[in-house]
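Here's the structure we're looking at; comments come further down.
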Amino acid sequence: MPPPLSLSFSSANLICVIAYNSRSSRPSTSASRCATILQPFDLEESAAYVEHHLRVAGASTFPFSDGFVAAAHQFSHGLPRQLNRVCLNGLLIGFADRKKVLDENDAKRAILELGRTG
């Protein structure tokens, strides 16, 4: 019996290894694995990401100053999940303080609160 065939391929953001069983032409689901590798956003991409999420959520204005976005980006290292956490905390701070635009100091407060809550 011939050994199973294994194919590997990758692109900038995706790595896959697909194993084929020698008895069928279908991939073996137990041996096939894919992983997505996301590159961190740069500052411009971080701002576009946050703005896109706000638009999708129905926001008509952008409540974050450039300073807030820069601080959130620096803290998150451009990682989307961390950006989301800082921005969510910022929105809660803005709501509590009744602020329409959040600045760098609000970002620092949001980041500090992340440290307290884990």
Every residue from region 53-68 that is in a helix (DSSP H, G or I) and either at pLDDT 95 or above or aliphatic (A, V, I, L, M) (or both): Leu54, Val56, Asp66, Gly67, Phe68
Look through region 73-102, keep the residues that are touching a Ser or Thr at 6+ places or on another chain (Cβ under 7 Å) and buried (at least 16 other Cβ atoms within 10 Å of the Cβ), and return whichever of them is nearest to Gln39 (Cα to Cα). Gly78
Regarding Arg81, is this residue among the basic types (Lys, Arg) and under 18 Å from Pro40 (Cα atoms)? yes
Do we find a residue being closer than 18 Å to Leu43 by Cβ, without any contact (Cβ under 8 Å) to a residue 12 or more places away in the chain and basic (Lys, Arg) anywhere in region 86-101? no
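The values are calculated or read from the model by the stated rules, or taken from the named source; none is laboratory data. From a predicted model like this one, the values you see are computed outputs, not experimental measurements. Cβ coordinates were reconstructed from backbone atoms using ideal geometry, including for glycine residues, and neighbour counts include every protein chain displayed.
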